[in-house]
Amino acid sequence: MHPNPAFRGTTETRNIAFLRARAFGTLALNGDHVPLTAHIPFLLNDTGTQAELHLVRSNPIVRQVEDEQASVITCTGPDGYVSPDWYGIDDQVPTWNYVAVRLTGTLVRSPQGDLHALLDRLSAHFEDPLDKKSWTSEKMSDGVMDRMMRIIVPYVFHVESIEGTWKLNQNKEDPVRRAAAAQIEQSHGHELQTLAQLMLDAE
């Protein structure tokens, strides 16, 4: 997380809302020789105290975490390069704006019997906003879901702290930040347009 307090003032409520909406991040923990990571969808509860996730059984993290282990989940949002020319003032340098929120806590293996309900909750979370009838596991042929679940392991992540970096040029005067946001907004891609809007809304 960025050490500048200007980028660390976002409320925990907003960080939790971002995590719940994004619901995808990088799980990391200490391995024997190098850190172990996995890119995972997850469900964070509304108080930000617990996340649910699953891993394929062949993932090295599964072999590492037989019971519980200290871990982090980092969830990133829109990011993009900021040219010094876009500020409209002299003596600026290039930078990179981004959103990143980190959960620190303990990864705990759940009973295998909890897996099916977890998968149903995960799919419902991502299916509900779609403009179609939601997919459910009930659509699977008899026995297929059970066979697939044999290779997946459920986990609960107990959250101890939430830290967010919203690096959106809050250390600049409003007109300068808005000038840069206007240039980013003209860039191609939905992610940069989202970043521009966050810069305009930055506090």
Margin query: Going by what's in this entry, would Leu103 be described as surrounded by 12 or more Cβ atoms within 10 Å (Cβ to Cβ), closer than 30 Å to Val34 by Cα and either among the β-branched types (Val, Ile, Thr) or in contact with a His (Cβ under 9 Å, 6 or more places away or on another chain) (or both)?
Written below: no
Check: Would region 159-167 turn up any residue that is open to solvent by 80 Å² or more (accessible area, probe 1.4 Å), in contact with a Ser or Thr (Cβ under 6 Å, 6 or more places away or on another chain), closer than 20 Å to Ala28 by Cβ and not in a helix (DSSP H, G or I)?
Finding: yes
Note to self: I'd like the residue in region 115-138 that is surrounded by 10 or more Cβ atoms within 10 Å (Cβ to Cβ) and charged (D, E, K, R) and, out of all such residues, is nearest to Phe42 (Cα to Cα).
What the structure shows: Arg121
Check: Taking only pairs six or more apart or across chains, which ones have beta-carbon atoms under 9 Å, a first residue in region 177-194 that is free of Cβ contacts under 8 Å to residues at least 12 places away in the same chain and within 14 Å of Tyr98 (Cα to Cα), and a second residue that is of a type in the set (Asp, Glu) and in a helix (DSSP H, G or I)?
Finding: Gln193/Glu185
Item checked: Count of region 30-53 residues which are surrounded by 13 or more Cβ atoms within 10 Å (Cβ to Cβ) and within 16 Å of the chain's Cα centre (by Cα) -> 13
Next item on the list: Working carefully through the options Arg121, Arg57, find the one that is touching an Asp or Glu at 6+ places or on another chain (Cβ under 8 Å) and among the charged types (D, E, K, R).
Entry: Arg121
Margin query: Can you tell me how many residues within region 4-25 are over 17 Å from Leu198 (Cα atoms), loosely packed, with under 15 Cβ neighbours inside 10 Å, touching a strand residue (DSSP E or B) at 6+ places or on another chain (Cβ under 9 Å) and not aromatic (Phe, Trp, Tyr)?
Written below: 1
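The values are calculated or read from the model by the stated rules, or taken from the named source; none is laboratory data. Owing to the predicted nature of the structure, the values given are computational and were not obtained by experimental measurement. As a convention, Cβ positions derive from the backbone with ideal geometry for all residues, glycine included, and neighbour counts pool all protein chains shown. Note: areas computed on protein heavy atoms with side chains; ligands, DNA, RNA excluded. Shrake-Rupley method; radii C 1.70, N 1.55, O 1.52, S 1.80 Å.
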